[in-house]
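For reference, the structure discussed in these notes is given below.
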Amino acid sequence: MAAEDTPVSRRLRSVKHIIIVLSGKGGVGKSSVSAQLALSLYASSPTARVGILDVDLTGPSIPRMLGLDGHGVHQSTDGWVPVYADGIEARLACMSVGFLLKNKGDSVVWRGPKKNGMIRQFLSDVRWGELDYLVIDTPPGTSRASLFSSFVELCLGTSDEHLSLLEHMAPVHSQLSSVIVTTPQAVALMDVMKCLSFTRAVNLPVWGLIENMSGYVCPCCGEISNVFSTGGGEDMARREGLPFLGSLPVDTELVTLLDASEPAQTDDAPGFRVLERYKSTPSAQIFESIVQKIIQSCG
């Protein structure tokens, strides 16, 4: 089967830009950055159509962050229907294994082949429709590099032996890009190099590096204090020739919003409260400049 005619390539043909969010290790806030990226892209234009796919199969957190706990996925004649965080407006689609669990506390204990099969279904069976951006929240770390490789192979309709041909062959490759998330600490920055090695090995473009948890926003006066080290992400980006997208401080308003998002009780997500509340957080204003850089990179 040609790369141009796989179930995945046919399904993703109407997606203009696919942005994979990576981190070298866990605990750097990659999922919160993925959620902010989706929310900011959605808010960037009244006509922007955005999807967010949570492929962290053993620790899905996107439904909780977007206030979508309690929703389920419906089957249609054209595949799975994603959950729309903005209700009937249907411009922010979300898919996660969290929607498939009977109880949100259930654990997912799967071996590699079953995980890869689930990712294949997410990519080939979800009715994403026409999207401007599809944000992919991936598992942390590089111990799952095979999972990343599987994802890239599925998108490009290739096998291991054809990975070297990605640059020349697969049309879907032009839709793929990535963003790497780190914190300022040296241990996190060391793991970023593993992410970079992966992206270079599979010829995956990197739009830039985001330094998360860089400083602390005082909830009283709004001043940003550098509790931890800072600037490490920017220095690394400069050394590696990567664009530095920006620094995000620890924002207690954002933490409270994403951690305590109210479970949705109906299918229409009335008022899309998460987006409205997100717009008023200090992080949203900082992230606006980051997302503009990403939009410019996407062209």
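So here's what we get for this one:
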| read-out | value |
| --- | --- |
| Cβ-based exposure ranking for Glu211, Glu234, Glu130, in which fewest neighbours within 10 Å come first | Glu130, Glu234, Glu211 |
| Nonlocal amide H pairs with Asn212, under 5 Å, H built at 1.01 Å | Thr182, Thr183, Leu248 |
| Packing-based exposure ordering (other Cβ within 10 Å, fewest first) of Val181, Val21 | Val21, Val181 |
| Extension reserve of the Arg127-Ile88 stretch, reckoned as 0.36 nm per residue once the Cα distance is removed | 12.5 nm |
| Residue-by-residue Karplus 3J(HN,Hα) for the range 20-29, coefficients 6.51, -1.76, 1.60, Hz, glycine and proline x | 8, 9, 10, 8, x, 8, x, x, 9, x |
| 5 angstrom amide H check on Asp86, placed H, neighbours 5+ away | Arg91, Leu92 |
| Residues whose placed amide H lies under 5 Å from that of Val135, excluding near-sequence neighbours | Ile19, Gly51, Ile52, Leu53 |
| Neighbour-count ranking [beta-carbon atoms within 10 angstrom, fewest first] of Cys298, Cys195 | Cys298, Cys195 |
| Leu100 versus Met118: modelled label distance in nm, points set 7 Å from Cα along the beta carbon direction | 0.6 |
| Which listed pairs, of Lys194/Lys293; Lys115/Lys293; Lys114/Lys293; Lys30/Lys293; Lys114/Lys279, have C-alpha distances above 27 Å, in listed order | Lys115/Lys293; Lys114/Lys293; Lys114/Lys279 |
| Gain on full stretching of the segment that runs from Thr252 to Thr47 - 0.36 nm per residue minus C-alpha separation | 70.8 nm |
| In order through the range 241-252: 3J(HN,Hα) via Karplus (6.51 cos²θ - 1.76 cosθ + 1.60), integer Hz, x for Gly, Pro | x, 9, x, 9, 7, x, 10, 10, x, 6, 10, 5 |
| Phi-based couplings in Hz for the range 57-71 (Karplus 6.51, -1.76, 1.60; Gly and Pro marked x) | 5, 8, x, x, 10, 4, x, 5, 5, 8, x, 10, 4, x, 7 |
| Extended-chain gain in nm, criterion 0.36 nm per residue less alpha-carbon gap, Asp259 and Ala186 | 23.6 nm |
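Any read-out appearing in this document is the output of simple, stated calculations on the displayed coordinates, not a laboratory observation. Values in this document were obtained by computation on a predicted structure and should not be read as measured data. No Cβ is skipped: glycine too gets one built from the backbone with ideal geometry, and neighbour counts run over all protein chains shown.
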